[in-house]
Amino acid sequence: MKPGLSLFCLAGIWGLPAPAFAIQLHTGNAGIIAHQIGHLFFLFSMVTLMFTINSQGLIRQKGWRLIQLAALFFIFWNLDTLAAHFLDNQIEVVRIETLSITKMAIVTQSDSQLLAVIYYFLKMDHLWCVPAMIFLFIGLNSLLKDQRQRSDSADRVEQ
């Protein structure tokens, strides 16, 4: 084996990522507060984007309609994650216990089954985030395609 290849393999093994969870937990108040402020800012930005798309009349284009739909899903995602972070990091009424490699339990401070079910669904924030990213991608792709068609038409007219 070549020395460069073995060094590359070693770097790859050493750099293997740790598990990533959909909703990140933060230790200490400073981390979670900064994170929550980030969610609030993103939420406000998406609301602003939706109103801007409407007020500028961009809604007539398919790409902008899809981007507005993406913004709506991002709004729901931010509301979802704000609530989940509030329950598990800020007021700490919910925690997840690992029972085995295949089993986990949602434990609530007051043994509330309703709160456990709500938190379970809040943890499925990917059901908001993934469609938002898909709509954003398709919307941007549609705008790019429209722009290329206009550019090609302008080039043909000039010739």
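The table below lists the values:
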item	result
Every pair of residues 6+ apart whose Cβ atoms lie under 7 Å, when the first sits in the range 59-88 and is closer than 24 Å to V117 by Cβ while the second is of a type in the set (D, E) and surrounded by fewer than 21 Cβ atoms within 10 Å (Cβ to Cβ)	W77/D125; D80/D125; T81/D125; A84/D125
Residue check for V157: part of a helix (DSSP H, G or I) and loosely packed, with under 12 Cβ neighbours inside 10 Å	yes
Checklist (1) farther than 29 Å from T48 by Cα; (2) in a helix (DSSP H, G or I) applied to A83, failing item	(1)
Tabulated pairs, the range 145-158, first touching a residue at least 40 places away in the same chain (Cβ under 8 Å), second basic (K, R) and in a helix (DSSP H, G or I), C-beta under 9 angstrom, 6+ apart or interchain	D146/K62
Search result, residues across the range 114-126 that are touching a helix residue (DSSP H, G or I) at 6+ places or on another chain (Cβ under 7 Å) and free of Cβ contacts under 8 Å to residues at least 40 places away in the same chain	Y119
Pair list, Cβ < 7 Å and 6+ apart or interchain, from the range 98-113 residues that are outside any loop (DSSP other than H, G, I, E, B) to residues that are aromatic (F, W, Y)	I106/Y119; I106/Y120
Filtered residues of the range 61-95 (kept if surrounded by 21 or more Cβ atoms within 10 Å (Cβ to Cβ), under 18 Å from the mean Cα position of the chain (by Cα), of a type in the set (V, I, T) and within 19 Å of L122 (Cα to Cα))	T81
Residue in the range 13-24 that is at positive phi, outside any helix (DSSP H, G or I) and at pLDDT below 95 present	no
Unmet requirement for P131, which otherwise passes all of (1) touching a Leu at 6+ places or on another chain (Cβ under 9 Å); (2) outside any strand (DSSP E or B); (3) without any contact (Cβ under 8 Å) to a residue 24 or more places away in the chain; (4) of a type outside the set (K, R)	(3)
Test: residue in the range 55-73 that is aliphatic (A, V, I, L, M) and either farther than 24 Å from Q149 by Cα or in contact with a Ser or Thr (Cβ under 6 Å, 6 or more places away or on another chain) (or both)	yes
When residues of the range 35-60 are limited to those that are small (G, A, S) and part of a helix (DSSP H, G or I), the one farthest from the chain's Cα centre (by Cα)	S55
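Table: residues versus (1) farther than 19 Å from L79 by Cβ; (2) among the aromatic types (F, W, Y); (3) at pLDDT 95 or above.
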position	(1), (2), (3)
V117	no, no, yes
F121	no, yes, yes
A132	no, no, yes
I138	yes, no, yes
L144	yes, no, yes
Q149	yes, no, no
S153	yes, no, no
E158	yes, no, no
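The values are calculated or read from the model by the stated rules, or taken from the named source; none is laboratory data. What you see is a predicted model, and the numbers here were worked out from it, not measured in a lab. Using ideal geometry, Cβ is built from the backbone for each residue, glycine included, and neighbour counts are taken over all protein chains shown.
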